[in-house]
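Here the structure comes first, spelled out in structure tokens, and everything after it is commentary.
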Amino acid sequence: MSQIKLVYPKISDSKNSPLKQCIAFEKYDGTNLHWVWEPELGWYAFGTRRDRFDLDDRGMAEFNLAHPGLSEAPELFLKGFANSLATIFLNNPQYSCPEIAVFTEFFSLNSFAGMHQKDDPKQLILFDVQTDKGIISPFQFIQDFSGLNIARVVYRGKLTGKFIDDVREGKYGVAEGVVCKGGSSSKDLWMVKIKTYAYMQRLQQAFDRDWEKYWE
């Protein structure tokens, strides 16, 4: 295991929302995991936002010790994503780079605030891909990876105050909220998160005065 700098960027809250064209994806209540691929080694590493392990038997055993409750994730990734993603990377020139990281959310129906129920069926959702130029645009992401189990698209259009209010009021059928992403390339990519009032109430009931640690 190695400690690394934050792999996935912190997403701004809705107070900093640019009112521009975007795609809003459902935000799932789980654990952010990254997986690292390179042309010769294939899938060779994985981890959370702050650590990384070798994607082999020893590395997975170390991961399981460090992160109880996440042990099903490697098998889900290797069976559900590894070959399909590698095929896309090898067949598309825009993914010709020394290393690629993909980001998934690990969760189940009853996951809450990063905690998972042991016996619940788990799943992985793909929500971002990062090349040597940075995280790809949401438009390219949908174009290239919509055939896989990716985050559900909730909305396409201009980010407006009404949309933000509607998400908060629960009008889009999301449990936690959404992540809005815009920009035409890695250079001008922006992201903001919007969570529902219902999720806020769950946090307040579960964590009392500490609920804001899990908010936006």
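The values are calculated or read from the model by the stated rules, or taken from the named source; none is laboratory data. All of these numbers come straight from a predicted model, not from anything done at the bench. Every residue, glycine among them, receives a Cβ derived from its backbone with ideal geometry; neighbour counts consider all protein chains shown.
Return the total of residues in region 68-84 being on the phi < 0 side of the Ramachandran plot and in a loop (DSSP other than H, G, I, E, B). So that I can check it myself, show each step before the final result.
Let us first name the residues in region 68-84 that are on the phi < 0 side of the Ramachandran plot, namely 68, 70-84.
So of that shortlist, the ones also in a loop (DSSP other than H, G, I, E, B) come out as 68, 70-72, 81.
Residues in region 68-84 being on the phi < 0 side of the Ramachandran plot and in a loop (DSSP other than H, G, I, E, B): 5 in total.
Does Thr48 satisfy being among the β-branched types (Val, Ile, Thr), touching an Asp or Glu at 6+ places or on another chain (Cβ under 9 Å) and closer than 29 Å to Arg168 by Cβ? Spelling it out, it is not the case that Thr48 is among the β-branched types (Val, Ile, Thr), touching an Asp or Glu at 6+ places or on another chain (Cβ under 9 Å) and closer than 29 Å to Arg168 by Cβ. Screening the candidates Leu76, Leu90 for the property of being crowded, with 16+ Cβ neighbours inside 10 Å and farther than 14 Å from Ala45 by Cβ yields one hit, Leu76.
Taking region 130-216 as the region of interest, the helices (runs of 4 or more DSSP H) fully inside it that hold 2 or more residues being within 16 Å of the chain's Cα centre (by Cα) and touching a residue at least 40 places away in the same chain (Cβ under 8 Å) are 138-145.
Candidates Val178, Val154: the one that is at pLDDT 95 or above and touching a helix residue (DSSP H, G or I) at 6+ places or on another chain (Cβ under 7 Å) is Val178. Contact map, region 14-27: residues that are under 9 Å from Lys193 (Cα atoms) and modelled with pLDDT under 95 paired with residues that are buried (at least 21 other Cβ atoms within 10 Å of the Cβ) and among the β-branched types (Val, Ile, Thr), Cβ distance under 6 Å, separation 6+ or inter-chain. Pairs shown: Ser14/Val192; Ser14/Ile194; Ser17/Val192. If the condition is being in contact (Cβ under 8 Å) with a residue 60 or more places away in the chain, among the acidic types (Asp, Glu) and not in a strand (DSSP E or B), then region 28-46 contributes only Asp29. Among the residues of region 57-93, those that are farther than 27 Å from Asn110 by Cβ and either within 20 Å of the chain's Cα centre (by Cα) or among the small types (Gly, Ala, Ser) (or both) comprise Gly59, Asn83, Ser84, Leu85, Ala86, Ile88, Phe89.
Within region 94-110, is even one residue assigned to a helix (DSSP H, G or I) and either at pLDDT below 95 or surrounded by fewer than 16 Cβ atoms within 10 Å (Cβ to Cβ) (or both)?
If we filter region 94-110 for residues that are assigned to a helix (DSSP H, G or I), which is where we start, we get 94-95.
Those left that are additionally either at pLDDT below 95 or surrounded by fewer than 16 Cβ atoms within 10 Å (Cβ to Cβ) (or both): 94.
Looking through region 94-110, at least one residue is assigned to a helix (DSSP H, G or I) and either at pLDDT below 95 or surrounded by fewer than 16 Cβ atoms within 10 Å (Cβ to Cβ) (or both).
Going through (1) touching a helix residue (DSSP H, G or I) at 6+ places or on another chain (Cβ under 9 Å); (2) surrounded by fewer than 21 Cβ atoms within 10 Å (Cβ to Cβ); (3) without any contact (Cβ under 8 Å) to a residue 60 or more places away in the chain; (4) not in a helix (DSSP H, G or I) one by one, Leu126 falls short only on (2).
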